[in-house]
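Here's the structure we're looking at; comments come further down.
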Amino acid sequence: MKAISLEDVFAKPTTDISSLRALVRRNRSMSELRHAIGEVEFDTAYDFLRSTAIEMVGSGEIDRAIRGLEEIDALITRSGENDRHLLDIHAALMQILTALFIEKDDMESAMSSAASTLTLLSQEAKRKDDPFLQILGALLYDIAFLHTRRKEYKQAERELSKALKIYERLAKTNPERYATPHVMALNATTATYRNRVKQAELLAHYQVATSTYLQLVNSGVSEATGRLVDSIKSEGDTLAQMGRHREAMQYYTRALKYLTKIEPEFTLKQLQLSISLGEAMLRVNAMKEKGIHLLNTMLHKATKINATEEHRQIVDILFNARSSSLDILGLWHKVFPK
């Protein structure tokens, strides 16, 4: 699945949707389902609709999912013109449909659906309640994906910046529900922001919040943070390949901070990240000795966890580091004195 709001990791249901699921299993009519959705709290309705869409995409029924949501939406639109709750569900359905169209690679329909959803939300732009912000946050996340796909990075940056602020606000009062999408929106910046300084500032700004989220008993937050760790490491790798080793060190260090939160015990992944950090440090003269010390420490840890390949990699890095530090010109003059 694409990196959109329909990814299971983006947000886990936090409400009891079993009664709505049971209704579907009993093959009740769409009108009965619409009525049932209209009777439950918004979060429950949203969790049910989103979870159903995710499951249908997973089973290869994306077209059926689109048709089903469009049918429910038509019923809600006809009966809920003056009902705030049904209008919210209408907007939520349109946001989920936007994500479904993206998943289907129908980008034209996705843009059209997103525009319609924004038009609907803009009718009450000053709303600050949870249903409104929740829909807007997910929609902005998906629109940012569309703009990134089209290499329209400036627009995508603005959308992600707004989504981050929305989820930061929501997570302060309900971290169990909104911490994970907040982390996922932060993760999306690593693929979107072209300016490394702005990107690093964002990662630093939200680091405290993300570390706080990890204290929750919530597997979704850990899963999302694991994705963020991989993205930050990938950014570090790119910077290292570009010869920007000081910046790469910052990314590797931040990735390790997150990783140790979700993996308190030393793991192979921590070892591999530490090796990348050590190797980057060797390329910065002022950090070379610290890099050698770190890699020597990792050498012992690699032995402890039987990481044979990584052990060999560290030995090669240290050998090459010491070899490259030889004073070739000095040796040349000793061999061929004036």
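The values are calculated or read from the model by the stated rules, or taken from the named source; none is laboratory data. It should be emphasised that the depicted structure is a prediction, and the values quoted were computed from it without experimental measurement. Note that we place each Cβ from the backbone using ideal geometry, even for glycine, and neighbour counts take in every protein chain shown. Please note that ligands, DNA and RNA were not included when accessible areas were found on the heavy atoms of the full protein model with its side chains. Shrake-Rupley method; radii C 1.70, N 1.55, O 1.52, S 1.80 Å.
Brief remarks follow.
- Among (1) surrounded by 14 or more Cβ atoms within 10 Å (Cβ to Cβ); (2) at pLDDT 95 or above - the single one Asp105 does not satisfy: (1)
- Given (1) open to solvent by 70 Å² or more (accessible area, probe 1.4 Å); (2) in contact (Cβ under 8 Å) with a residue 40 or more places away in the chain, index of the condition Met184 fails: (1)
- Which numbered condition Leu69 fails, given (1) of a type outside the set (Val, Ile, Thr); (2) open to solvent by 60 Å² or more (accessible area, probe 1.4 Å); (3) touching a Leu at 6+ places or on another chain (Cβ under 7 Å): (2)
- Considering residues of region 177-199 that are assigned to a helix (DSSP H, G or I) and over 16 Å from the mean Cα position of the chain (by Cα) only, the residue nearest to Ile135 (Cα to Cα): Lys198
- Failed criterion for Val9 (all others in (1) within 20 Å of Ala138 (Cα to Cα); (2) in the same structural domain as His182 (by the TED database) hold): (2)
- Answer residue from region 27-57, given it is without any contact (Cβ under 8 Å) to a residue 40 or more places away in the chain and open to solvent by 60 Å² or more (accessible area, probe 1.4 Å) and is nearest to Ala3 (Cα to Cα) among those: Glu55
- Ile4 vs. criteria open to solvent by less than 50 Å² (accessible area, probe 1.4 Å), closer than 18 Å to Arg177 by Cα and in contact with a Leu (Cβ under 7 Å, 6 or more places away or on another chain): no
- Test: residue in region 201-208 that is β-branched (Val, Ile, Thr), open to solvent by 20 Å² or more (accessible area, probe 1.4 Å), in a helix (DSSP H, G or I) and closer than 23 Å to Leu133 by Cα: yes
- Residue in region 236-248 that is under 17 Å from the mean Cα position of the chain (by Cα) and not in a helix (DSSP H, G or I) present: no
- The helices (runs of 4 or more DSSP H) found entirely in region 284-338 that carry 2 or more residues being at pLDDT 90 or above, acidic (Asp, Glu) and closer than 26 Å to Leu239 by Cβ are 308-324.
- Residues of region 280-311 satisfying the condition of being open to solvent by less than 70 Å² (accessible area, probe 1.4 Å) and acidic (Asp, Glu): Glu310
- In region 266-278, the count of residues that are free of Cβ contacts under 8 Å to residues at least 12 places away in the same chain, out of contact with any Phe, Trp or Tyr (no Cβ under 8 Å at 6 or more places or on another chain), open to solvent by less than 40 Å² (accessible area, probe 1.4 Å) and in a helix (DSSP H, G or I) is zero.
- Being within 22 Å of Lys2 (Cβ to Cβ), among the charged types (D, E, K, R) and open to solvent by less than 30 Å² (accessible area, probe 1.4 Å) holds for only one residue in Glu152, Glu157, and it is Glu157.
- Number of the exception - Tyr141 against (1) among the aromatic types (Phe, Trp, Tyr); (2) over 27 Å from Asp63 (Cα atoms); (3) modelled with pLDDT of 95 or more: (2)
- Pick from region 116-167, criterion outside any helix (DSSP H, G or I) and acidic (Asp, Glu), ranking: nearest to Lys104 (Cα to Cα): Glu152
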